[in-house]
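Data first, discussion second: the structure below is written as structure tokens.
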Ligand code: NAD
């Protein structure tokens, strides 16, 4: 199947990055969110990020202009019904995602491929509640989308080969690399990454190290480009907690229990960079550790 147009649900950190790479690769993009403010912010951010690519000679000014011209927004979810491929990139909560699919399904063309950018939720379960489990897949981009090379492709139990091969071609057109993961909680990347981040929060919670010493230890001692707490702030602490809960419930193993300190930060609304406070406070010139 030829994919020319893409609908994106959710214009947050991931949605704007996904819009960015699809528009640059020549796809028509239609993005929706619950507020006009979120949509305006996302388009402004894509513009800024593409401008940075122009200034670094990664793309031309003409590429940017053409790509920005391909991005449209709407507050009506139903408008996405006419696109060839829908990527749901809304908040990591199953009830939110399910409600989106329920509202969208009556408007979808029969051939449209439906995907979720979920970091952890069962693709098979999400697919089973739609009218097209064979045309449903996990399409997991990494953050920040314009920079990260990998895309995880997750087939649910009913996903057909044609759908999978179509998405492999789409990933190639984006200039990215696809990795196939089986549909088990948090797939590959987050199955490994999130317990490490959670352990870093336990290390902080138990007083083994401070925010600064934990991050420095992993950067200088394990050659990680970002410390685990800095990375957690970048991902979003609500998303990290949601993924740990999916691992904990889905694999029924206590080794995945979320650290109570991670829960506390989320309860405080300190969700990391997106709310300007998490393990670091980003409200000043330089990030300051909050513990
Ligand atoms: P975010 O909080 O930055 O953005 C979520 C967006 O969804 C918000 O703009 C919100 O208004 C919107 N939204 C919520 N309900 C909606 C609805 N009913 N209809 C339309 N829009 C709605 O979150 P994010 O970091 O962009 O994460 C989005 C998805 O991508 C999640 O499933 C997450 O697990 C996944 N993901 C996140 C990362 C990461 O590093 N943050 C990486 C890979 C995948």
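Does residue 36 satisfy the condition of being free of Cβ contacts under 8 Å to residues at least 40 places away in the same chain and either under 23 Å from residue 171 (Cα atoms) or surrounded by fewer than 22 Cβ atoms within 10 Å (Cβ to Cβ) (or both)? Let's see the steps before the verdict.
On the way: free of Cβ contacts under 8 Å to residues at least 40 places away in the same chain: yes; either under 23 Å from residue 171 (Cα atoms) or surrounded by fewer than 22 Cβ atoms within 10 Å (Cβ to Cβ) (or both): yes.
For residue 36, the condition - free of Cβ contacts under 8 Å to residues at least 40 places away in the same chain and either under 23 Å from residue 171 (Cα atoms) or surrounded by fewer than 22 Cβ atoms within 10 Å (Cβ to Cβ) (or both) - is met.
Assess whether residue 225 counts as being in a loop (DSSP other than H, G, I, E, B) and under 13 Å from residue 195 (Cα atoms).
On the way: in a loop (DSSP other than H, G, I, E, B): yes; under 13 Å from residue 195 (Cα atoms): no.
For residue 225, the condition - in a loop (DSSP other than H, G, I, E, B) and under 13 Å from residue 195 (Cα atoms) - is not met.
So, in region 7-16, of the ones that are surrounded by 23 or more Cβ atoms within 10 Å (Cβ to Cβ) and outside any helix (DSSP H, G or I), which residue ends up nearest to the ligand (Cβ to nearest atom)?
Looking only at region 7-16, we keep the residues that are surrounded by 23 or more Cβ atoms within 10 Å (Cβ to Cβ), and these are 7-11, 14-16.
Narrowing further to those that are outside any helix (DSSP H, G or I): 7-11.
Details: 7: 11, 8: 9, 9: 5, 10: 3, 11: 5 Å.
Once the filter is applied, the top-ranked residue is 10.
Can you tell me which condition residue 212 does not meet? The list is (1) touching a residue at least 40 places away in the same chain (Cβ under 8 Å); (2) under 24 Å from the mean Cα position of the chain (by Cα), and all the others hold.
Failing condition for residue 212: (2).
Just wondering, is there one or more residues in region 219-228 that are within 15 Å of the ligand (Cβ to nearest atom), free of Cβ contacts under 8 Å to residues at least 60 places away in the same chain and surrounded by fewer than 19 Cβ atoms within 10 Å (Cβ to Cβ)? I'd like the intermediate steps shown before the answer.
So the first thing to find is which residues in region 219-228 are within 15 Å of the ligand (Cβ to nearest atom), and the list is 225-226, 228.
Within this subset, residues satisfying the condition of being free of Cβ contacts under 8 Å to residues at least 60 places away in the same chain are 225-226, 228.
Pick out the ones that are also surrounded by fewer than 19 Cβ atoms within 10 Å (Cβ to Cβ) and you get 225-226.
Within region 219-228 (the criterion being within 15 Å of the ligand (Cβ to nearest atom), free of Cβ contacts under 8 Å to residues at least 60 places away in the same chain and surrounded by fewer than 19 Cβ atoms within 10 Å (Cβ to Cβ)), the answer is yes, since at least one residue qualifies.
Could you tell me which of the residues 23, 19 is over 21 Å from residue 275 (Cα atoms), in contact with a helix residue (DSSP H, G or I) (Cβ under 7 Å, 6 or more places away or on another chain), away from the ligand (no atom under 13 Å from the Cβ) and part of a helix (DSSP H, G or I)?
23
Scan region 119-143 for residues that are near the ligand (Cβ under 8 Å from one of its atoms) and either surrounded by fewer than 24 Cβ atoms within 10 Å (Cβ to Cβ) or modelled with pLDDT under 95 (or both) and jot them down. Give the derivation first.
So the first thing to find is which residues in region 119-143 are near the ligand (Cβ under 8 Å from one of its atoms), and the list is 119-121, 140-143.
Scanning region 119-143 gives 119, 120, 121, 141, 142, 143.
When region 176-207 is examined, which residues are found to be under 18 Å from the mean Cα position of the chain (by Cα) and on the phi > 0 side of the Ramachandran plot?
Of everything in region 176-207, those that are under 18 Å from the mean Cα position of the chain (by Cα) and on the phi > 0 side of the Ramachandran plot turn out to be 186, 187.
Could you list all residues from region 50-73 that are surrounded by fewer than 18 Cβ atoms within 10 Å (Cβ to Cβ) and closer than 28 Å to residue 154 by Cα?
Result: 72, single match.
I'd like to verify a number: residues in region 147-157 that are out of contact with any strand residue (DSSP E or B) (no Cβ under 6 Å at 6 or more places or on another chain) and either without any contact (Cβ under 8 Å) to a residue 24 or more places away in the chain or over 18 Å from residue 120 (Cα atoms) (or both), how many?
2
Out of all the residues in region 86-109, which are more than 12 Å from the ligand (Cβ to nearest atom) and assigned to a loop (DSSP other than H, G, I, E, B)? If you could, list the steps in order and put the result at the bottom.
Initial filter on region 86-109 (more than 12 Å from the ligand (Cβ to nearest atom)): 105-109.
108, 109 - these are the residues of region 86-109 that are more than 12 Å from the ligand (Cβ to nearest atom) and assigned to a loop (DSSP other than H, G, I, E, B).
When only residues in region 54-85 that are out of contact with any helix residue (DSSP H, G or I) (no Cβ under 7 Å at 6 or more places or on another chain) and part of a helix (DSSP H, G or I) count, which is farthest from residue 102 (Cα to Cα)?
55
Can you confirm whether region 192-206 contains a residue that is modelled with pLDDT of 95 or more, assigned to a helix (DSSP H, G or I) and touching a strand residue (DSSP E or B) at 6+ places or on another chain (Cβ under 9 Å)? Full working, then the answer.
Restricting attention to region 192-206, the residues satisfying the condition of being modelled with pLDDT of 95 or more are 192-206.
Checking which are assigned to a helix (DSSP H, G or I) leaves us with 192-205.
Adding the requirement that they be touching a strand residue (DSSP E or B) at 6+ places or on another chain (Cβ under 9 Å) leaves none.
Checking region 192-206: not a single residue is modelled with pLDDT of 95 or more, assigned to a helix (DSSP H, G or I) and touching a strand residue (DSSP E or B) at 6+ places or on another chain (Cβ under 9 Å).
Here is a yes/no grid of residues against (1) farther than 30 Å from residue 191 by Cα; (2) more than 15 Å from the ligand (Cβ to nearest atom); (3) in contact with a strand residue (DSSP E or B) (Cβ under 9 Å, 6 or more places away or on another chain); (4) at pLDDT below 95:
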{"residue": "27", "(1), (2), (3), (4)": "yes, yes, yes, no"}
{"residue": "39", "(1), (2), (3), (4)": "yes, no, yes, no"}
{"residue": "50", "(1), (2), (3), (4)": "yes, yes, no, no"}
{"residue": "54", "(1), (2), (3), (4)": "yes, yes, no, no"}
{"residue": "75", "(1), (2), (3), (4)": "yes, no, yes, no"}
{"residue": "79", "(1), (2), (3), (4)": "yes, no, yes, no"}
{"residue": "116", "(1), (2), (3), (4)": "no, no, yes, no"}
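The values are calculated or read from the model by the stated rules, or taken from the named source; none is laboratory data. For clarity, every value in this text was computed on a predicted model and none was experimentally measured. Here Cβ is always computed from backbone atoms with ideal geometry, including for glycine, and neighbour counts include all displayed protein chains.
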